[in-house]
Structures are given as C-alpha cells and as structure tokens.
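Written below as structure tokens is the structure these notes are about.
The values are calculated or read from the model by the stated rules, or taken from the named source; none is laboratory data. A quick note: this is a predicted structure, and the numbers were derived from the prediction, not measured. Cβ atoms come from the backbone with ideal geometry, glycine included; neighbour counts cover every protein chain shown.
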Amino acid sequence: MNVVTLQVEGFRNIEAADLLFQTRNLLVGPNGAGKTSIAEAVAVALNGRSFRTFDLAMLLRRGADYWRTVATVNQEDNSTHRIAISATSQQRERVKLDDRNVRITQLATDFPVVTFIPEDRDLVVGLPGIRREYLDSILARSDPSVYRLLSRAAKILKQRRNLIRSNNPDIVTLDIFDEELASASILISDARENLLGYLQGVVEEFNQRITGRSEEVCFRYLRSWKNDPLSDLKASRSYDFRTGSTSVGFHRDDFIIELNGLPAKSTASQGQIRSLAIALRVGSAQVLQNNIGEPPLLILDDVFAEFDRSRAARLVTAIGQYQTIATNTEHVDIMDDWSVYEISGGRIVSH
Amino acid sequence: MYPASLSKLMDELSRLPGIGPKSAQRIALFMVKRGPQDAQRLAEALLAAAANTKRCRECFSLSEEDLCGVCANAGRDHSVICVVEEPRDVLAFERGMSFRGLYHVLGGVISPMDGIGPEQLHLGELLNRLRGDTVKEVILATSSTIEGEATATYLAKLIAPAGVNISRLATGVPVGGDLDYVDEVTLSRALDGRYRVT
C-alpha cells in the first residue's frame with residue numbers, strides 16, 4: 001500500500017496543506033512546527049484514528065469550523081482509492097471511501113498503518129496494558145473473528161465488573177459471566193501466544209539489523225491464571241468483591257521480553273530498549289503484511305534524533321520495503337535521497 | 001421564538017424515542033396546521049392507549065384485558081411456552097404465524113451494566129406457570145447478545161428442576177442470505193446446529 005497524496009484542512013495547527021508522497025518521506029521542522037501533526041493527519045486520513053489522542057474532537061484547529069483529510073492510496077492490486085474524512089465541532093467524523101459511506105473501523109484492516117512514537121519504549125518498560133494493546137491491535141486487524149472475540153470479551157468484563165460492584169450481586173449470574181469470561185480468556189490468550197511465536201523471530205531479526213549485533217530475543221506469554229481461569233476466577237471472588245475488580249482473565253495477562261536470557265524491562269540499556277521497541281513495531285508491520293496481504297505504511301515520529309548515525313543508517317536499510325513517513329527536527333545526511341518537506345508554523349515552506 | 005404552548009409540545013415530543021428536535025418541530029407544526037380536531041383525535045388515542053393497556057397476568061405481554069388474546073385462546077398449544085425479552089418480540093413471533101404455543105415476557109435481560117438482575121425479571125411467575133403437568137416445553141428465545149445468552153443460561157439452570165424440556169432458539173444463516181456475508185461466529189453456530197437432510 002502506498003499513500004500518494006494527502007490534503008489536510010483545519011487540522012491541529014495546519015490551516016491547509018497539500019502533500020505528494022514518495023516511498024521515503026521526511027518531514028523536517030523545529031518543535032511545534034506541525035510535522036507530527038502532518039504525520040498524525042496521515043494516520044487519521046488512512047485509519048480514522050490518531051496515535052496522539054483517542055478524542056478526534058481534539059484535532060479541530062482553533063477557530064476552524066471543520067477539519068478534513070483526503071488521501072489517495074494505491075494498493076498492491078494496483079487499485080486506487082480515495083479516503084475522505086471530515087468532522088465539524090458539532091458533527092462526528094464522516095468517512096467516505098471512494099465516495100461511499102463506510103464505518104471508520106473498516107479502514108484499519110484495508111489500509112494498515114504502523115506508527116512508532118518515542119513513547120513506544122513503554123512497550124518494553126511500561127505497564128502490561130501497553131503490551132496487551134500492542135498484541136490485540138495486530139490480532140484485531142489480522143483476523144475479524146478475533147476482533148469480534150475481543151470486543152465480546154471486553155463487554156463480558158464490563159458486565160462482570162458492574163455485577164460485583166452492585167449491592168448484593170446474584171451468584172448464579174456471576175457464575176454465568178465467569179464461565180463466559182473464562183472461555184473467552186482462553187481463546188484470546190491462545191491467539192496472543194500464537195502471535196508472539198510469529199513475532200519472536202521477526203523482532204529478533206529486525207533488532208539485529210538495527211543494532212548490528214546478534215542478540216537473542218525471547219517472548220514469554222504470562223497468563224493471569226494457573227491451569228483453568230474459571231477455577232481461579234472463583235477462588236479470587238472474595239478478593240474481587242473487596243476491590244471491585246476482576247483479577248483473573250485476558251485483561252490481566254502480560255508478556256515478558258527477554259534479551260539474551262534476561263528480562264529486558266529491568267536489565268536492558270536505553271539504547272537496547274529503543275532498538276527493541278522499534279523492532280517490535282517494524283515486526284508488527286511484517287506480520288500485518290503477511291496476514292492482510294498489504295504492506296503497511298510506516299510512520300516514524302522523532303526516531304532519528306535518538307539514534308546515532310550508524311544505527312539510523314541501519315534502520316533506514318531495515319525498513320526499506322515499506323513506504324515511510326518520518327519526522328525529525330533537522331535534516332539527516334544519510335537520508336539524502338528522501339523526499340523532504342520543511343514545515344514551519346503549520347505550513348509547508350519548501351519541498 | 002415559537003408561542004409557549006407550541007414550544008411545550010415540541011419539548012414533549014422530543015422526549016419520545018427516535019424523535020430529535022428537528023422531527024419534534026416538524027410534527028408539532030404539522031399538528032398545529034391540521035387544527036384542533038385532528039389534535040383532539042390524537043390526544044384521545046394517546047390517552048386511551050396509555051390508560052387501557054396493561055400487562056397480561058399470565059405472560060406479561062401487552063393486553064387490554066386481564067388475560068391477553070394469546071393466553072385466552074383455547075386453540076393455542078398450552079404445553080409450550082416461548083420465553084422472550086419484550087412485548088415487541090411477541091409481536092415478531094405473531095407476525096410469523098408459525099408459533100402456536102404461549103409466550104412469557106421477561107421484561108428485559110440480565111444486564112448488570114443497566115442494573116438489571118434476575119430479580120427485576122418475571123422469573124418467579126414463569127416458574128409458577130411450570131407447576132402442574134400442562135407445560136411440556138420451554139423455548140428460550142432471548143437475543144443472541146451477551147446479555148441474552150447469559151439470561152438463557154440462567155433460565156436453563158432455574159427451570160431445570162421443573163423437569164420440562166428446555167430448548168434454545170437456533171442461530172445461523174438468515175433465510176435468503178448469502179453465505180459470503182455471514183460472519184464466522186454465526187457460521188460456526190450454524191454448523192453446530194446443522195440438521196440431517198437424509
């Protein structure tokens with residue numbers, strides 16, 4: 001998949017911008033110039049979701065009546081599509097794909113985007129929820145049945161939480177929701193563990209290509225139950241009643257990232273963490289490409305500032321197969337052959 | 001902007017389900033234009049419906065009598081009870097005209113999120129109807145949502161001691177539907193519930 005053109009209006013600090021993308025694109029500008037906003041606009045234009053906020057109402061430029069993105073995209077089968085998304089301060093986002101109304105959730109599977117932001121180091125060192133979200137977002141886009149399973153499980157969990165927080169909850173009802181939660185948790189954890197198996201080799205390879213060193217990467221999925229989630233759910237009931245939460249299930253799982261046999265979270269250096277984090281993202285791009293059959297677009301926000309010259313050069317080589325849109329505060333000499341947009345004060349000042 | 005009585009009408013109308021401020025305005029202006037006679041008829045119909053409609057004492061469907069038309073009909077099969085969520089589900093079955101048994105309206109589904117537990121549903125009344133030998137089968141016809149399924153499971157556990165047959169409405173491919181458009185979950189349910197042709 002390739003983004004060919006993008007039009008942006010009333011988006012963050014961008015009044016209006018017109019961009020024509022090549023395979024490799026670099027957005028350059030001082031802090032606050034609007035380069036990340038352009039990168040964000042690409043993500044919103046293709047997937048209807050931002051990597052900076054869940055609340056798309058935040059995107060509206062101050063003083064503007066509406067925001068709008070229009071992207072033209074070439075897919076692997078040589079078909080060209082036009083995606084137009086717009087919203088006003090009063091009206092929610094409306095999505096038109098080739099002039100037909102579609103649901104915003106449909107876009108993520110048809111036009112895959114993988115984003116790397118500096119905060120992604122939390123994939124390695126952050127809370128378990130970030131790692132679960134990482135796996136789930138790959139699964140949900142790869143397999144519609146897992147997407148449905150995940151949303152179903154989230155709903156069961158919400159019902160159970162409401163039940164244990166109510167006065168005098170009905171125990172038979174709780175039994176039923178526990179059974180549902182247990183069977184959904186087993187299916188989800190199996191799907192996640194299976195995905196981790198695929199990812200392990202891919203991430204190890206990318207990590208090696210970025211660092212230039214051979215390092216062993218190992219993922220271990222951690223379930224929040226021992227043998228059977230249902231019996232653990234029942235055993236933890238009195239605790240759950242006290243805390244008003246559900247302590248066993250797919251939403252309490254995690255995975256451990258080991259680098260050369262040691263947990264990366266507590267032993268890896270800053271440089272190792274950064275390389276691992278980006279390898280996790282690029283690795284997910286490869287898995288998505290295999291599953292969807294469409295190579296994702298890579299958005300790399302502020303990555304090169306943190307890398308030394310040789311690492312940056314290796315990263316550029318490693319992502320060679322993907323269309324890339326990167327942001328940086330200054331020109332990078334190893335990216336001479338990239339298509340460069342200079343951005344300042346929400347405007348494109350040169351191309 | 002509008003006279004006070006007209007604004008009041010719009011305000012009342014916009015509280016109705018599916019009616020937004022724009023529709024409320026359209027209906028209100030239409031009523032005013034048609035004059036007092038039409039308004040009188042509508043007002044009387046509203047009042048009469050609200051005053052005369054009550055719940056059937058057996059099945060909790062809507063009725064003007066103590067006993068609804070279905071429960072009072074001796075020609076219906078009194079050995080089968082179809083358990084549904086809301087009165088509108090009864091209407092859905094009756095439109096189909098293929099079910100000849102009786103109904104039992106629960107008045108909702110178990111949903112802790114909305115504060116609805118088993119005690120809010122007409123469950124004790126259902127158990128009462130199963131006493132004696134008249135009823136041989138209970139059909140659980142709640143929706144196939146998480147809440148509907150949970151309610152069906154709950155009912156199955158609750159009714160089991162009564163010793164009647166319990167069945168669940170089938171889930172699967174819609175009639176006239178293309179297999180291509182059926183999602184995997186529905187399709188795998190349809191597979192589970194397949195029947196022999198020969």
Please work out which one of (1) closer than 30 Å to A:D254 by Cβ; (2) in contact with a Phe, Trp or Tyr (Cβ under 9 Å, 6 or more places away or on another chain); (3) in a helix (DSSP H, G or I) is the condition A:A41 fails and give its number.
(1)
Sole miss for A:A305 among (1) outside the structural domain of A:D18 (by TED's automatic domain parsing); (2) touching a strand residue (DSSP E or B) at 6+ places or on another chain (Cβ under 7 Å); (3) surrounded by fewer than 16 Cβ atoms within 10 Å (Cβ to Cβ) is condition (1)
Taking segment A:158-173, which residues are more than 8 Å from chain B (Cβ to nearest Cβ) and either free of Cβ contacts under 8 Å to residues at least 24 places away in the same chain or crowded, with 20+ Cβ neighbours inside 10 Å (or both)?
A:N167, A:N168, A:I171
Could you pull out the residue among A:A153, A:A191, A:A182 that is at the interface with chain B (Cβ under 10 Å from one of its Cβ atoms), at pLDDT 95 or above and part of a helix (DSSP H, G or I)?
A:A153
B:E149 vs. criteria within 26 Å of A:L174 (Cα to Cα), within 13 Å of chain A (Cβ to nearest Cβ) and part of a helix (DSSP H, G or I)
yes
Name the pairs whose Cβ atoms lie under 6 Å apart, with the first residue in segment A:202-213 and surrounded by fewer than 19 Cβ atoms within 10 Å (Cβ to Cβ), the second of a type in the set (A, V, I, L, M) and not in a helix (DSSP H, G or I), and 6 or more positions between them or separate chains?
none
Select from segment A:79-100 the residues that are under 19 Å from A:L20 (Cβ atoms) and surrounded by fewer than 18 Cβ atoms within 10 Å (Cβ to Cβ) and list them in ascending order.
A:T80, A:H81, A:R82, A:A84
Please return the ranges of strands (runs of 3 or more DSSP E) entirely within segment A:267-351 where 1 or more residues are of a type outside the set (A, V, I, L, M, F, W, C) and under 22 Å from A:V125 (Cα atoms).
A:297-301
Quick count over segment A:14-37, residues being touching a residue at least 12 places away in the same chain (Cβ under 8 Å) and either among the aromatic types (F, W, Y) or assigned to a strand (DSSP E or B) (or both), is 12
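Look at B:R168 and say whether it is farther than 25 Å from A:A153 by Cα and either modelled with pLDDT under 95 or not hydrophobic (A, V, I, L, M, F, W, C) (or both). Talk me through it step by step, then tell me what you get.
Details: farther than 25 Å from A:A153 by Cα: no; either modelled with pLDDT under 95 or not hydrophobic (A, V, I, L, M, F, W, C) (or both): yes.
Here the answer is no, as B:R168 does not meet what is asked.
One line per residue, one yes/no per condition, for (1) closer than 18 Å to A:A191 by Cα; (2) buried (at least 21 other Cβ atoms within 10 Å of the Cβ):
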| site | (1), (2) |
| --- | --- |
| A:S231 | no, no |
| A:V248 | yes, yes |
| A:R252 | yes, no |
| A:P263 | no, no |
| A:Q270 | no, no |
| A:A277 | no, yes |
| A:S284 | yes, yes |
| A:Q289 | yes, no |
From the list B:V84, B:V135, B:V109, exactly one residue is more than 14 Å from chain A (Cβ to nearest Cβ) and under 30 Å from A:S166 (Cα atoms). Which is it?
B:V84
Going by the conditions given, is B:L121 more than 14 Å from chain A (Cβ to nearest Cβ), under 30 Å from A:N168 (Cβ atoms) and touching a helix residue (DSSP H, G or I) at 6+ places or on another chain (Cβ under 8 Å)?
no
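Is there a residue being over 27 Å from A:G293 (Cα atoms) and of a type in the set (S, T, Y) anywhere in segment A:2-13? I'd like the intermediate steps shown before the answer.
Applying the first criterion (over 27 Å from A:G293 (Cα atoms)) to segment A:2-13 yields A:8-13.
Pick out the ones that are also of a type in the set (S, T, Y) and you get none.
Within segment A:2-13 (the criterion being over 27 Å from A:G293 (Cα atoms) and of a type in the set (S, T, Y)), the answer is no, since none of the residues qualifies.
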Given (1) more than 9 Å from every other protein chain (Cβ to nearest Cβ); (2) within 30 Å of B:E119 (Cα to Cα), A:G201 misses just (2)
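Return yes or no: is A:V73 touching a His at 6+ places or on another chain (Cβ under 6 Å) and surrounded by 18 or more Cβ atoms within 10 Å (Cβ to Cβ)? Talk me through it step by step, then tell me what you get.
Numbers: touching a His at 6+ places or on another chain (Cβ under 6 Å): yes; surrounded by 18 or more Cβ atoms within 10 Å (Cβ to Cβ): yes.
In short, yes.
Counting only residues that are without any contact (Cβ under 8 Å) to a residue 24 or more places away in the chain and not polar (S, T, N, Q), give me the strands (runs of 3 or more DSSP E) lying completely in segment A:73-139 with at least 2 of them.
A:80-88, A:94-97
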